[in-house]
Amino acid sequence: MKVSHLLHSVQYATLTLEGWIVCPIIRLIFSLIYKSKSKCVDPIENPLCLMTAVDLAAKIRSREVTAEEVMQAYIERAKLVNKDCNFIVADRFQEALQEAKSVDRILDSKIRSEKYSTQNAPFLGVPTSIKEAFALKGMPQTSGLMIMKDYKASEDAPVVKRLRQAGMIPYMVTNVSELCMWYESANRLNGRTCNPYNTARIVGGSSGGEGCAVASGAAVTGLGSDIGGSIRMPSFFNGIFGHKPSVGLVPNEDQFPLPTGRDMELLTTGPMCRYATDLLPLLKVMSGPEAQLAKLDEKVDVKKLRFYTMYDDGGSLLVSHVEPEIKQAQHRVVTYLRDTLGVAVEEINLSKMKYSFEMWAAKMALSGGTDFATYMANFNGRVNCFVELLKWLVGRSNHTLPAIGLGMSQGLADLTPQTNRKNLEILKKLDEELKEILGDNGVLLYPTHPKVALYHNEPLFYPFNFAYTGLFNALAYPVTQCPLGLNSEGLPLGIQIVATPYNDRLSIAVAVFLERVFGGWVPPGTT
């Protein structure tokens, strides 16, 4: 035991020293590479692109503005921002304008069907963006896979149908990482998406195109999915709100790729938006009749909640240390809750959290689902990722390096079933511990990511940093990512608000409260 402890201490000291010396050198190299490629998108000028989805719906319904005017405003903004950020995979702008005109005719008529009532169509005429991984009839659904380049969806995914039934009008599909399994949205088919606050930085993944669209004012809401942080990381890097719902609340069907085993337990579908006040109405629409599982209509008194905070994972050897400005932002929240709101906030230290990556990886490895190399071949055999790496080295591969690396490493994870089972035991105990602490009336404040938006390709040096979000997929907890302004470089900060299963309303209520206090989303180009 003493030898093991000594080895762990030496490893930790070595990696800490590496963090102090190697990481700043990496950052310097990337800053020099991208120095001339950095810019912020143009400020938002049309006030329609600064409104909440709820307010837009109300103004369209009251005829203060037409649905066509709203749609045209977002289309123009999307075209402008896309020149710098490359987030659009494909658009249906003309079809969306015609659908908006139809909404206007309906609202201007004297006789209206109950189908278009406020209750049944709460977002009538409001534009929405869709992650390209979801089926949207007539639109590409490739997830950045080259061999899927000609594929188009023949019908809408169930969650897209719910958005349409609520009156929303999809007008574009946005970029993702290859097969939605990396935290930078870049692929060989549709290219790389850039951060609207600094185009030299990443938007996150896999719902990175949605994060960029919403943050830049090119979309008022977005649809994302999350198996390891794919809603929350892009929301964090782009300074917006994103909610990973409890499992089973929102249908996952008709995504590509779709898990085939128990890894489906890690996947959730949820809303991304600029304003926290839109989260709950959007989640109610997306969840449909399943909304009752999470009692989404119950009011929440934030003052009566129990608050806990944890500033890092406790010292994982695989994950970066949390940057000081991220910790400072979280501390400002804790200070306000304690000193101004007058509630107790208990700082906790759960030692098992340092194994977040191992627990997530174990849950994935033992899920019995399709292996990644099979997805890469679109189920037509398997891609030999070792051969693919050689092809990549000479510029002949149709796959990205992160996808190749995942295909290679997944097989290695399958070779350690005993270790995986041990990590699942740790996960089970952590689940019990957290449920006892939080109960049905508590939330945990926790970093969304240890670093603000990295330079393009920089995530290759920090492949396990998604563990801060991935843990809660393994636990199947609902989590809301909440923006907390910008750091000294003008890049978004934020935190995760974590609740126990089917207590989504708690984390969302806290996000709404923090938005009022700290301002929430900061439009790019205004500081």
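The values are calculated or read from the model by the stated rules, or taken from the named source; none is laboratory data. Computed from a predicted model, the values in this text were never measured in an experiment. With ideal geometry, Cβ positions are generated from the backbone for all residues, glycine too; neighbour counts draw on all protein chains shown. To get the accessible areas, we keep the full protein, side chains included, count just its heavy atoms, and leave off ligands, DNA and RNA. Shrake-Rupley method; radii C 1.70, N 1.55, O 1.52, S 1.80 Å.
Looking across segment 1-49, the residues that are open to solvent by less than 90 Å² (accessible area, probe 1.4 Å), at pLDDT below 80 and either under 27 Å from the mean Cα position of the chain (by Cα) or polar (S, T, N, Q) (or both) come down to 4, 9, 14, 16, 19. Just one of the listed residues (266, 296, 318, 280) is closer than 28 Å to residue 157 by Cα, open to solvent by 40 Å² or more (accessible area, probe 1.4 Å) and under 22 Å from the mean Cα position of the chain (by Cα), namely 280.
Of the residues making up segment 476-497, those that are more than 16 Å from residue 331 (Cα to Cα), of a type in the set (A, V, I, L, M) and touching a Ser or Thr at 6+ places or on another chain (Cβ under 9 Å) are 476, 479.
Taking residues in segment 29-45 that are touching a residue at least 24 places away in the same chain (Cβ under 8 Å) and assigned to a helix (DSSP H, G or I), and partners anywhere that are surrounded by 12 or more Cβ atoms within 10 Å (Cβ to Cβ) and hydroxyl-bearing (Ser, Thr, Tyr), the pairs with Cβ atoms closer than 6 Å and at least 6 places apart or on different chains are 30/455. Could you say whether any residue in segment 437-454 is assigned to a helix (DSSP H, G or I) and either in contact with a helix residue (DSSP H, G or I) (Cβ under 6 Å, 6 or more places away or on another chain) or not basic (Lys, Arg) (or both)? Yes, because at least one residue in segment 437-454 is assigned to a helix (DSSP H, G or I) and either in contact with a helix residue (DSSP H, G or I) (Cβ under 6 Å, 6 or more places away or on another chain) or not basic (Lys, Arg) (or both). Residues that are part of a loop (DSSP other than H, G, I, E, B), among the hydrophobic types (A, V, I, L, M, F, W, C), without any contact (Cβ under 8 Å) to a residue 12 or more places away in the chain and at negative phi do not occur anywhere in segment 267-277. Cβ-Cβ distances below 6 Å connect the following pairs, each with a first residue in segment 59-76 that is in contact (Cβ under 8 Å) with a residue 24 or more places away in the chain, a second residue that is assigned to a helix (DSSP H, G or I) and open to solvent by 50 Å² or more (accessible area, probe 1.4 Å), and a separation of six or more residues or different chains: 68/101. Filtering segment 363-402 to residues that are farther than 22 Å from residue 141 by Cβ, small (Gly, Ala, Ser) and under 26 Å from the mean Cα position of the chain (by Cα) leaves 365, 367, 368.
Determine, yes or no, whether residue 80 is at pLDDT 95 or above and over 30 Å from residue 144 (Cα atoms).
On the way: at pLDDT 95 or above: yes; over 30 Å from residue 144 (Cα atoms): no.
So residue 80 does not fit the description; no.
If the condition is being open to solvent by 10 Å² or more (accessible area, probe 1.4 Å), within 24 Å of residue 250 (Cβ to Cβ), part of a loop (DSSP other than H, G, I, E, B) and touching a Pro at 6+ places or on another chain (Cβ under 6 Å), then segment 150-204 contributes only 182. How do the helices (runs of 4 or more DSSP H) wholly within segment 321-418 filter down when requiring 1 or more residues that are closer than 25 Å to residue 179 by Cα, of a type in the set (Phe, Trp, Tyr) and open to solvent by 30 Å² or more (accessible area, probe 1.4 Å): which remain? Counting at least 1 such residues, we get 356-365, 385-393. Please state which one of 239, 224, 209 is within 17 Å of residue 286 (Cα to Cα) and buried (at least 24 other Cβ atoms within 10 Å of the Cβ). 224 is the lone residue from the list that is within 17 Å of residue 286 (Cα to Cα) and buried (at least 24 other Cβ atoms within 10 Å of the Cβ).
Please go through segment 83-94 and pick out each residue that is open to solvent by 40 Å² or more (accessible area, probe 1.4 Å), in a helix (DSSP H, G or I) and in contact (Cβ under 8 Å) with a residue 12 or more places away in the chain. Once the filter is applied, which keeps residues that are open to solvent by 40 Å² or more (accessible area, probe 1.4 Å), in a helix (DSSP H, G or I) and in contact (Cβ under 8 Å) with a residue 12 or more places away in the chain, segment 83-94 yields only 84. Cβ-Cβ distances below 9 Å connect the following pairs, each with a first residue in segment 302-330 that is more than 23 Å from residue 499 (Cβ to Cβ) and free of Cβ contacts under 8 Å to residues at least 60 places away in the same chain, a second residue that is among the hydrophobic types (A, V, I, L, M, F, W, C) and outside any helix (DSSP H, G or I), and a separation of six or more residues or different chains: 328/493.
For segment 205-238, filtering for residues that are assigned to a loop (DSSP other than H, G, I, E, B) and touching a Gly at 6+ places or on another chain (Cβ under 7 Å) leaves 6. Whether any residue in segment 102-121 is surrounded by 14 or more Cβ atoms within 10 Å (Cβ to Cβ), assigned to a loop (DSSP other than H, G, I, E, B) and either within 19 Å of the chain's Cα centre (by Cα) or not hydroxyl-bearing (Ser, Thr, Tyr) (or both) is what I want to check. Looking through segment 102-121, at least one residue is surrounded by 14 or more Cβ atoms within 10 Å (Cβ to Cβ), assigned to a loop (DSSP other than H, G, I, E, B) and either within 19 Å of the chain's Cα centre (by Cα) or not hydroxyl-bearing (Ser, Thr, Tyr) (or both). Could you tell me which residue of segment 485-527 is least open to solvent (accessible area, probe 1.4 Å), considering only residues that are in contact with a strand residue (DSSP E or B) (Cβ under 7 Å, 6 or more places away or on another chain) and among the hydroxyl-bearing types (Ser, Thr, Tyr)? Selected residue: 507.
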